[in-house]
1. Please determine whether any residue of the range 227-236 is of a type in the set (Gly, Ala, Ser), within 15 Å of the ligand (Cβ to nearest atom) and not assigned by TED's automatic domain parsing to the domain that holds Pro368.
2. Condition test on Gly58, is it under 16 Å from Ser208 (Cα atoms), open to solvent by 20 Å² or more (accessible area, probe 1.4 Å) and touching a Gly at 6+ places or on another chain (Cβ under 7 Å)?
3. Test Val23 against the stated conditions and say whether it is touching a helix residue (DSSP H, G or I) at 6+ places or on another chain (Cβ under 9 Å), surrounded by 21 or more Cβ atoms within 10 Å (Cβ to Cβ) and part of a strand (DSSP E or B).
4. Could you give me the residue pairs with C-beta distances under 6 Å whose first residue belongs to the range 139-152 and is among the hydrophobic types (A, V, I, L, M, F, W, C), whose second residue is near the ligand (Cβ under 10 Å from one of its atoms) wherever it lies, and which are 6+ apart or on separate chains?
5. Does Met183 satisfy the condition of being within 16 Å of the ligand (Cβ to nearest atom), open to solvent by 10 Å² or more (accessible area, probe 1.4 Å) and touching a residue at least 60 places away in the same chain (Cβ under 8 Å)?
6. Has the range 42-53 got at least one residue that is among the β-branched types (Val, Ile, Thr) and under 24 Å from the mean Cα position of the chain (by Cα)?
7. So which of Gly197, Gly204 ends up being more than 15 Å from the ligand (Cβ to nearest atom) and outside any helix (DSSP H, G or I)?
8. Could you please let me know if Leu446 is part of a loop (DSSP other than H, G, I, E, B), open to solvent by 50 Å² or more (accessible area, probe 1.4 Å) and under 29 Å from Leu118 (Cα atoms)?
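The values are calculated or read from the model by the stated rules, or taken from the named source; none is laboratory data. What you see is a predicted model, and the numbers here were worked out from it, not measured in a lab. Note: ideal-geometry Cβ built from the backbone for every residue, glycine included; neighbour counts use all protein chains shown. Note: accessible area is taken over every heavy atom of the protein model, side chains too, but ligands, DNA and RNA are not part of it. Shrake-Rupley method; radii C 1.70, N 1.55, O 1.52, S 1.80 Å.
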Amino acid sequence: MKEIGHWINGKVVSGTSGRFADVFNPATGEVQARVALASKAELDAATADAAAAQVKWGATNPQRRARVMMEMVRLLNRDMDKLAEALSSEHGKTIPDAKGDIQRGLEVIEFCIGAPHLLKGEFTDSAGPGIDMYSMRQPIGVAAGITPFNFPAMIPMWKMGPALACGNAFILKPSERAPTVPMMLAALMQEAGLPDGVLQVINGDKESVDAILDNPMISGIGFVGSTPIAEYIYGRGCSNGKRVQCFGGAKNHMIIMPDADLDQAADALVGAGYGAAGERCMAISVALPVGQKTADALIEKLIPRIEKLKVGPYTAGNDVDYGPVVTAAAKANILKLVESGVAQGAKLVVDGRDFHLQGYEDGFFVGPHLFDHVTTDMDIYKKEIFGPVLSTVRCETYEQALGYAMDHEYGNGTAIYTRDGDTARDFANRINVGMIGINVPIPVPLAYHTFGGWKKSSFGDLNQHGPDSFRFYTRTKTITSRWPSGIKEGAALNFKQMD
Ligand code: NAD
């Protein structure tokens, strides 16, 4: 059985805790490897080494750090096929989707090439008599990232790129369900020129996460995953005096106005609802058609599109639209929620419950589901399903649809389909959600903007990537200086005014 260890001080190291987790091939249901789960002692030792390595890395000039990022982009492109294969085999997503996952991470590394510019401070000449004032951004020291299974390449790169470019050491604790690509990324960073010890990949579960939360050498933590864990990490991390940003779960609504291009809207819903088997924090899981006529027409367009979806293993290449979900437990949870929707009175107009794939009977495949006549008190509406299940909540008016989206506890992404500029503008202004698409179903901002939700989808006050990431991974220092060039004022006891 293949064993996955940790990446510590520039090499793969076997785990010493004696604890392991199974890593599955979700398409076949087979265990393909076991990954070591680090103990607190392993995490603490790797962190101490990272802190020592950070001193020199933090003092390296920013253009040299940027060159490592530049080389990393080249290496990611070189190894794209290898990375995508490893990613798909553990996650289950199709190869083109895995390449998208890597590409969106790569773009953040590319953004980090701008570190010398992004880290420039501010300067005020002659702020007072003979006085100059300037501010500088310094690394926070050792930062840690705790990442989810659903983007095993993109999210680790969203974290490690800015953290390293800012001069920090970085401890990555990836998902134990998809650990191979993060290990490959660490090896590529080394090949790109990153000094050993500056990036450590510690595989693990709650024990290593708790060790991160309590380690006094770690100054900042970036987390992405489900909301209950986000709340836990935010609370414990902050109470330990760390800078913490946590991005949680989602239930993304899409309003379909009567004037929308319904073919475009139906295509968007199918892509955003079922792509990656719905295992995306920016998936659309609720459709809000406005008006009964719009709802009837939309359902009529959705059904044949959804019934045509091809579900299968990534090895089937272009013949597959989406693959299995990540584990048997994830599959069971999705099907349980589907049953609850039926029991609570929603109309299951596309029923994927009996989906079977010949030759892959033990794989974690879930057929596509479409619910109509969902109401906001149902579990399928309230909970994040994280599977190929789209719920339709029929609305009488735009205000009602907007109200539903605003009242939901999650606020990651949302979209509106309309031809009316006033409605689109009103929606963008009033909605209490972080990322908004206007006739765009998955409005994931590009690397040079920032990514983050509102409400229970995000904890902390800075977003991921873009300029916010350089703020998160640095501390500002402001210096007021005067050289003794003949200014003699005597002792000043009053609070000084620079006039
Ligand atoms: P998860 O919360 O189960 O795991 C995320 C990380 O937390 C993993 O590294 C895991 O090992 C760790 N973890 C799990 N349980 C823990 C515990 N009890 N104590 C400490 N650490 C623990 O999430 P997941 O299933 O890997 O990912 C899916 C979730 O992530 C979904 O809710 C999805 O919406 C969310 N997500 C959010 C974003 C975003 O940017 N908002 C992006 C991607 C995924």
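1. Applying the first criterion (of a type in the set (Gly, Ala, Ser)) to the range 227-236 yields 230, 235.
Next, only the ones that are within 15 Å of the ligand (Cβ to nearest atom) stay: 230, 235.
Now narrow it down to the ones that are not assigned by TED's automatic domain parsing to the domain that holds Pro368: 230, 235.
So far as the range 227-236 goes, yes, one or more of its residues are of a type in the set (Gly, Ala, Ser), within 15 Å of the ligand (Cβ to nearest atom) and not assigned by TED's automatic domain parsing to the domain that holds Pro368.
2. Details: under 16 Å from Ser208 (Cα atoms): no; open to solvent by 20 Å² or more (accessible area, probe 1.4 Å): yes; touching a Gly at 6+ places or on another chain (Cβ under 7 Å): yes.
Spelling it out, it is not the case that Gly58 is under 16 Å from Ser208 (Cα atoms), open to solvent by 20 Å² or more (accessible area, probe 1.4 Å) and touching a Gly at 6+ places or on another chain (Cβ under 7 Å).
3. On the way: touching a helix residue (DSSP H, G or I) at 6+ places or on another chain (Cβ under 9 Å): yes; surrounded by 21 or more Cβ atoms within 10 Å (Cβ to Cβ): yes; part of a strand (DSSP E or B): yes.
Criteria met by Val23.
4. Final answer for the pair search is Ala144/Ile212; Ile146/Lys173; Ile146/Val209; Ile146/Phe223; Phe149/Ser175; Phe149/Arg177; Phe149/Ala178; Phe149/Val326.
5. Values: within 16 Å of the ligand (Cβ to nearest atom): yes; open to solvent by 10 Å² or more (accessible area, probe 1.4 Å): yes; touching a residue at least 60 places away in the same chain (Cβ under 8 Å): yes.
Yes, satisfied.
6. Taking the range 42-53 first, the residues among the β-branched types (Val, Ile, Thr) are 47.
Then drop every residue that is not under 24 Å from the mean Cα position of the chain (by Cα), which leaves 47.
Checking the range 42-53: at least one residue is among the β-branched types (Val, Ile, Thr) and under 24 Å from the mean Cα position of the chain (by Cα).
7. Values: Gly204 fails: more than 15 Å from the ligand (Cβ to nearest atom).
Answer to the selection: Gly197.
8. Numbers: part of a loop (DSSP other than H, G, I, E, B): yes; open to solvent by 50 Å² or more (accessible area, probe 1.4 Å): yes; under 29 Å from Leu118 (Cα atoms): yes.
For Leu446, the condition - part of a loop (DSSP other than H, G, I, E, B), open to solvent by 50 Å² or more (accessible area, probe 1.4 Å) and under 29 Å from Leu118 (Cα atoms) - is met.
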